[in-house]
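Step one of this worksheet: look at the structure below.
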């Protein structure tokens, strides 16, 4: 009997998933979490080719990150960080990967299976799980707290499950009942004891940002040997929205400095 262990899916950063077929020459999508350094590349190029459908993985560098994880020349890209991209314009897909920074989750289908699925009229989006993203939730506490309690299996450090109070701040912020806590204010809780986590929550004041995964999402990543990270998170529950500003350049410029820094998820940039 297989026993549930949420920590397995959090600690394993790579993936190995064998190709399977449905008897009609159509294999299953494969998932890869690629993590690189600031001076590195992901080790592949994404092409749009005349006479070929889809976004095509090409120029997989020998010994590079993509090859080490298992990406193959001719694979078709279906998802970027949980977003279906097969129908998108090629330049937008490339931008989506670049905007992901140093970490990206890709779902691909081998070239033969892709063409077979297209010939059969398959809806490729239906071959992928509906929602595989954890959630980023920003909670503002009330007089009774944040609206959740934390439990952890005895002797298991860094594994925390949340019990969410109905109509409380956590539920209103989008935290699913029974979800697993992965990050607190942009910092992983994998090395925290229950006492340390309680202290960090207290130090957060009246507001806290959590990265959480439902049991179904956690299981998806764990069974594929993937680490759950904020880069793939659903941010629609956050109370923050992008603003569009019209700026006129003055003699000294626009009046701000744009910098690129390596910082943890959930941190405030400049």
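The values are calculated or read from the model by the stated rules, or taken from the named source; none is laboratory data. Everything quoted here is computed from the prediction, not taken from an experiment. Using ideal geometry, Cβ is built from the backbone for each residue, glycine included, and neighbour counts are taken over all protein chains shown.
Number of residues in the stretch 47-65 that are surrounded by 18 or more Cβ atoms within 10 Å (Cβ to Cβ) and under 16 Å from residue 86 (Cα atoms) equals 4. Suppose the filter is touching a strand residue (DSSP E or B) at 6+ places or on another chain (Cβ under 8 Å), outside the structural domain of residue 219 (by TED's automatic domain parsing), closer than 24 Å to residue 230 by Cα and surrounded by 13 or more Cβ atoms within 10 Å (Cβ to Cβ); does residue 107 pass it? The answer is yes for residue 107. Filtering 63, 101, 54 for residues that are touching a strand residue (DSSP E or B) at 6+ places or on another chain (Cβ under 8 Å) and either in a loop (DSSP other than H, G, I, E, B) or within 21 Å of residue 36 (Cα to Cα) (or both) leaves a single hit, 54.
Hey, could you check the stretch 122-148 for residues that are surrounded by fewer than 16 Cβ atoms within 10 Å (Cβ to Cβ) and closer than 22 Å to residue 229 by Cα and say which is modelled with the highest pLDDT?
Kept after step one, since they are surrounded by fewer than 16 Cβ atoms within 10 Å (Cβ to Cβ), are these residues of the stretch 122-148: 123, 125-126, 129-131, 140, 142-145.
Checking which are closer than 22 Å to residue 229 by Cα leaves us with 129-131.
Values: 129: 84, 130: 78, 131: 81.
The selected residue is 129.
Criterion applied to 210, 162, 226 was being under 24 Å from residue 104 (Cα atoms), modelled with pLDDT of 95 or more and touching a helix residue (DSSP H, G or I) at 6+ places or on another chain (Cβ under 9 Å), and the one residue passing it is 210. Please go through the stretch 96-114 and pick out each residue that is over 23 Å from residue 131 (Cβ atoms) and within 13 Å of the chain's Cα centre (by Cα). Hit for the stretch 96-114 is 102, nothing else. Answer yes or no: is there a residue in the stretch 114-121 that is surrounded by fewer than 20 Cβ atoms within 10 Å (Cβ to Cβ), assigned by TED's automatic domain parsing to the domain that holds residue 52, in contact with a strand residue (DSSP E or B) (Cβ under 6 Å, 6 or more places away or on another chain) and farther than 15 Å from residue 32 by Cα. There is no residue in the stretch 114-121 that is surrounded by fewer than 20 Cβ atoms within 10 Å (Cβ to Cβ), assigned by TED's automatic domain parsing to the domain that holds residue 52, in contact with a strand residue (DSSP E or B) (Cβ under 6 Å, 6 or more places away or on another chain) and farther than 15 Å from residue 32 by Cα.
Summed over the stretch 71-83, residues that are modelled with pLDDT of 95 or more and either surrounded by fewer than 18 Cβ atoms within 10 Å (Cβ to Cβ) or part of a loop (DSSP other than H, G, I, E, B) (or both) total 5.
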